[in-house]
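Quick notes on the structure that follows.
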Amino acid sequence: MADTPTLYAAFAARIDAALAALEMEGALPPGTPRTNVSLEPPRDPAHGDLATNAAMVLAKQAKTNPRALAEKIVEKLSGDPLLTGAEIAGPGFINLRLADRNWVTELEAIAAAGTDYGRSTKGAGRRVNIEYVSANPTGPMHMGHCRGAVVGDALAALLEFGGHEVTREYYVNDAGAQVQVLARSAHVRYREALGEVVGEIPAGLYPGDYLVPLGQALAAEFGDRYAAAPEAEWLDLFRERSVAAMMDMIRADLALLGIHHAVFASEAELQRAGKPAAAEAWLRGHDLVFDGVLEAPKGKVLEDWEAVELPLFRSTRFGDDQDRPIRKSDGNWTYFGADLAYHMQKAEGADELIDIWGADHAGTVKRIKAAVEALAEGEGRPIPFDVKLVQMVALLRDGEPVKMSKRSGNFVTLAEVVEEVGKDVVRFTMLTRKPEAQMEFDFAKVVEASKDNPVFYVQYAHARISSTLRKAKEQGLGPDGGALDRLGQPELALVKLAAQFPREVEAAAQAREPHRIAFYLYDLAAAFHAFWNMGNDDPALRIITEDAALTQARLFLAVQIGQVVRNGLALLGVEAVEEL
RNA sequence: GCGCCCAUAGCUCAGCAGGAUAGAGCGUCAGAUUCCUAAUCUGAAGGCCACAGGUUCGAAUCCUGUUGGGCGCACCA
């Protein structure tokens, strides 16, 4: 696994060396912090290939004005054979122009790294546990789960590419009241499968048809043994069978999206192992859990409210609005009580935790962060913990809202959507918005997507490259890096954009924003299509020309652009197709 | 009442830990097809970056307040 310094990093080092030299000469005070110095490609390509703000940031400490300092920096940089220009511009930017051979070298670097191009070792040695989806095991995945699933999965891939050791984890809530309801619902379907006429599914139970096969399976396994038996005889058994069946279904749904978790952690097992009790004991020992009474909730009318003494976690000490119960009055763990123990369990095998949650759980972020902070103390080490919220997705069909309600059993399932529009469209669409903003997902638009959908645009670029290679092969030509000096400015412009991939990956991983990769790929595809189109107007600019050596160099370029597209799409979990 | 998220072109959205004239797609208008796939491309019009203050050399970006929208506020998960 190569972690060759990026072109960008190489020049950042040059700037740094120039500043160090100025320090030696006394032009800068010794030990001047350079953390605010940046080096990035300017928005406007006319400003060169890279620009640094060094002079502006450091002018004050150098006791001079930005332009004067810039001149000194430029002086240090002059004579570098890899630079063809260093100009001072605007308020004190230094614009660098890189010699063409830099880009040729970078093109060769892409070829050498292949699927590893863009990979970094920044996160080496860091074990990150990322928990996402964690939908309740009471039914199939619906579209409400989809965004978090895709964002979490792409983020996991991104962090992995950034060198982290990533665990993809799913928390199975198989211990609460909901799975009891599930078991009872399954029992109704079981009786139905035995020939009983059950009619309407009783209120409060899950009415969905997806439980019919489960009822049949239970009937086949147990015959009529539990048909008339009291609940106590079958509830646990049916719950176990039902959860297992639902999880099979959910795993299958996730597989449709290409998502595979490494760990499915069971809440019931967690409780059997005594983890919540252990956490409570430790917290009580540190006066972080006490028996207290909650105030009645504000802004909501509850006719059956009564004050009860419960074991409360002092989350207010960590900025929460209220202390939170970890057990119910019946002695069972609350969701939160189990969840805080679960986070400690995750932390046992990780240096860092990430949760991906739906925005409807935003209200519980503070308490869980408080809990992890508190328990990290017991662990004797800090446990960086990040909860990423993904906002709601409004499902539309021709502009009309599609209602999702699990209670009615009438909801849009993930499987239906993937069936209708395809995995790649679902994933890419979910990743072309920043997750903290709400989004609309209109079937009508996404289905007729051929025109309007970025995913095809990107895939098309890749397909075009593939088809060009096929075509060239028929003429006995293939990519060859032997004459890359034949490449001109239009080709090098593509390389410049491709060369930003490692930087984009690093930034996206650091910010934990996989959507940046989607937008980058769109830009790269656009640049490639633009290049292609130049060949329409001027045949001399086509990839395949009369000139064999030039053709081979351009094929080499095309292959590397395709490689970057593939690497990026791989991070998003989207197929890089050979043809459309 | 309180907490979290959001507000950028007619519509859907970017804007990279403040940086040089604010970007893309769709839609609108004007063009390109003897072409390696036109599922593409070129150009034009279109903005008080919700509003008001503040921070500094410099703010769509950071801070405060206001307005508007979303989510949440149980011993549910």
**Complete:** Those residues of the stretch A:193-214 which are surrounded by 10 or more Cβ atoms within 10 Å (Cβ to Cβ) and more than 20 Å from A:ALA177 (Cα to Cα) amount to A:ALA193, A:LEU194, A:GLU196, A:VAL198, A:VAL212, A:PRO213
**Prompt:** Hey, among the residues in the stretch A:237-251 that are touching a residue at least 24 places away in the same chain (Cβ under 8 Å), surrounded by fewer than 21 Cβ atoms within 10 Å (Cβ to Cβ) and not basic (Lys, Arg), which one's nearest to A:VAL212 (Cα to Cα)?
**Reply:** A:ALA245
**Prompt:** For the stretch A:185-193, does any single residue satisfy the condition of being part of a loop (DSSP other than H, G, I, E, B) and either modelled with pLDDT under 95 or over 36 Å from the mean Cα position of the chain (by Cα) (or both)?
**Reply:** no
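Which residue, of A:VAL104, A:VAL150, A:VAL74, is of a type in the set (A, V, I, L, M), assigned by TED's automatic domain parsing to the domain that holds A:ALA51 and assigned to a helix (DSSP H, G or I)?
Values: A:VAL104 fails: assigned by TED's automatic domain parsing to the domain that holds A:ALA51; A:VAL150 fails: assigned by TED's automatic domain parsing to the domain that holds A:ALA51.
When all the criteria are applied, what remains is A:VAL74.
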**Residue match in the stretch A:38-60 (condition: outside any helix (DSSP H, G or I), out of contact with any helix residue (DSSP H, G or I) (no Cβ under 9 Å at 6 or more places or on another chain) and more than 10 Å from RNA strand B (Cβ to nearest atom))** = no
**Asked** Inside the stretch A:561-580, can you point out the residues that are in a helix (DSSP H, G or I) and either within 16 Å of RNA strand B (Cβ to nearest atom) or among the hydrophobic types (A, V, I, L, M, F, W, C) (or both)?
**Response** A:ILE561, A:GLY562, A:VAL564, A:VAL565, A:ARG566, A:GLY568, A:LEU569, A:ALA570, A:LEU571, A:LEU572
**Asked** Does any residue in the stretch A:25-47 that is within 25 Å of A:PRO502 (Cα to Cα) come within less than 7 Å, Cβ to Cβ, of a residue that is among the β-branched types (Val, Ile, Thr) and more than 9 Å from RNA strand B (Cβ to nearest atom) six or more places away or on a different chain, and which pairs are these?
**Response** A:VAL37/A:ILE15; A:LEU39/A:ILE15
**Request:** Could you check, for the stretch A:418-426, whether at least one of its residues is loosely packed, with under 14 Cβ neighbours inside 10 Å, part of a helix (DSSP H, G or I) and either modelled with pLDDT of 90 or more or more than 11 Å from RNA strand B (Cβ to nearest atom) (or both)?
**Result:** yes
**Prompt:** Across the stretch A:279-307, what is the number of residues that are modelled with pLDDT under 85 and either more than 12 Å from RNA strand B (Cβ to nearest atom) or not aromatic (Phe, Trp, Tyr) (or both)?
**Reply:** 13
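Residues checked against (1) modelled with pLDDT of 90 or more; (2) more than 8 Å from RNA strand B (Cβ to nearest atom); (3) aromatic (Phe, Trp, Tyr):
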site: A:LEU389; (1), (2), (3): yes, no, no
site: A:GLU400; (1), (2), (3): no, yes, no
site: A:ARG407; (1), (2), (3): no, yes, no
site: A:ASP442; (1), (2), (3): no, yes, no
site: A:VAL447; (1), (2), (3): no, yes, no
site: A:ALA463; (1), (2), (3): yes, no, no
site: A:SER466; (1), (2), (3): yes, no, no
site: A:ARG470; (1), (2), (3): yes, no, no
site: A:ARG486; (1), (2), (3): yes, yes, no
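Quick one: in the stretch A:353-372, which of the residues that are buried (at least 19 other Cβ atoms within 10 Å of the Cβ) and within 18 Å of the chain's Cα centre (by Cα) is farthest from A:GLY148 (Cα to Cα)?
Ranking the candidates gives A:LEU353 first.
The values are calculated or read from the model by the stated rules, or taken from the named source; none is laboratory data. Being a predicted model, the structure only gives us computed values, none of them experimental. Counting neighbours? That spans all protein chains shown, and the Cβs are built from the backbone with ideal geometry, glycine included.
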